[in-house]
1. Taking only the stretch 44-56 into account, find how many residues are open to solvent by 60 Å² or more (accessible area, probe 1.4 Å) and of a type in the set (S, T, N, Q).
2. Limited to the stretch 125-169, what total is found for residues that are modelled with pLDDT under 90, at negative phi and either of a type in the set (Ser, Thr, Tyr) or in a strand (DSSP E or B) (or both)?
3. Kindly provide the set of residues from the stretch 106-125 that are open to solvent by less than 60 Å² (accessible area, probe 1.4 Å) and in contact with a strand residue (DSSP E or B) (Cβ under 7 Å, 6 or more places away or on another chain), ordered by number.
4. Within the stretch 33-43, track down each residue that is open to solvent by 50 Å² or more (accessible area, probe 1.4 Å) and of a type outside the set (D, E, K, R).
5. If I ask for residues that are open to solvent by less than 50 Å² (accessible area, probe 1.4 Å) and either closer than 14 Å to ILE79 by Cα or of a type in the set (Lys, Arg) (or both), which ones from the stretch 1-32 would you list?
6. Can you tell me which residue in the stretch 14-26 is farthest from CYS173 (Cα to Cα), limited to those that are at pLDDT below 90 and either in contact with a Phe, Trp or Tyr (Cβ under 8 Å, 6 or more places away or on another chain) or among the charged types (D, E, K, R) (or both)?
7. Considering each of ILE91, ILE98, ILE82 in turn, give the residue that is β-branched (Val, Ile, Thr) and more than 15 Å from the chain's Cα centre (by Cα).
8. Name every residue in the stretch 97-124 that is touching a Lys or Arg at 6+ places or on another chain (Cβ under 7 Å) and assigned to a strand (DSSP E or B), in order of residue number.
Amino acid sequence: MKYIYEIHRIMSDKSLILVYEGEFTQEITKSVLVMAERNMDYTGEESNIKRKVFNVMVECLQNICKHADSVQEKEKEAIFMIGKESDYYIITSGNYIINTDVPYLKSKLEKINSLDKEGLKVLYKDMISKSEISDKGGAGLGFVDIARKSGEKLEFDFEPINDVYSFFSFKTCISRSKDL
């Protein structure tokens with residue numbers, strides 16, 4: 001039973017207000033969004049900050065639903081966390097991906113991180129005009145949109161699990177300042 005306190009302590013130390021780990025479906029995604037929105041309403045968060053956080057959460061959760069790969073019997077199992085510090089909301093997610101997808105995704109994220117605000121705007125417009133939909137239903141706009149909304153560099157990591165899968169960890173921060 002001590003693990004319960006340990007989990008509570010870790011969540012408190014890391015300023016986590018919501019953690020969900022398990023299978024992700026559209027219904028679960030909706031529930032996670034509602035819980036996070038209620039928390040922001042309860043704490044009286046500014047509407048423009050809530051909108052940014054909500055948009056980034058939607059993109060992260062859609063990324064998991066559309067692009068997470070299943071590992072053995074664990075159907076689209078992943079983790080999603082949102083934390084709140086005095087200056088930032090921190091949105092973190094993690095899911096399994098196939099190792100052969102790692103180089104492409106890493107390159108894409110590095111390209112996004114290399115761009116400034118104007119470069120992201122140009123890339124976004126260019127991607128919309130081409131609007132090529134992938135086999136999994138995405139046009140690749142999600143990470144660009146997250147970078148634009150957050151105004152921060154995207155943090156990511158790929159942890160090799162075995163010869164077939166890696167665990168993709170993703171983190172972004174959204175300022176709680178109205179000035180940004």
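The values are calculated or read from the model by the stated rules, or taken from the named source; none is laboratory data. What you see is a predicted model; the values in this text were computed from it and never measured. Here the Cβ is made from the backbone with ideal geometry for all residues, glycine too, and neighbour counts use every protein chain on show. Surface accessibility is based on the protein's heavy atoms, side chains included, excluding ligands, DNA and RNA. Shrake-Rupley method; radii C 1.70, N 1.55, O 1.52, S 1.80 Å.
1. Of the residues in the stretch 44-56, 1 are open to solvent by 60 Å² or more (accessible area, probe 1.4 Å) and of a type in the set (S, T, N, Q).
2. Residues in the stretch 125-169 being modelled with pLDDT under 90, at negative phi and either of a type in the set (Ser, Thr, Tyr) or in a strand (DSSP E or B) (or both): 2 in total.
3. LEU109, the sole residue that qualifies.
4. Once the filter is applied, which keeps residues that are open to solvent by 50 Å² or more (accessible area, probe 1.4 Å) and of a type outside the set (D, E, K, R), the stretch 33-43 yields VAL34, MET35, TYR42, THR43.
5. Matches in the stretch 1-32: LEU16, LEU18, GLY22, PHE24, THR25, ILE28, THR29, VAL32.
6. GLU23
7. Among ILE91, ILE98, ILE82, only ILE98 is β-branched (Val, Ile, Thr) and more than 15 Å from the chain's Cα centre (by Cα).
8. none
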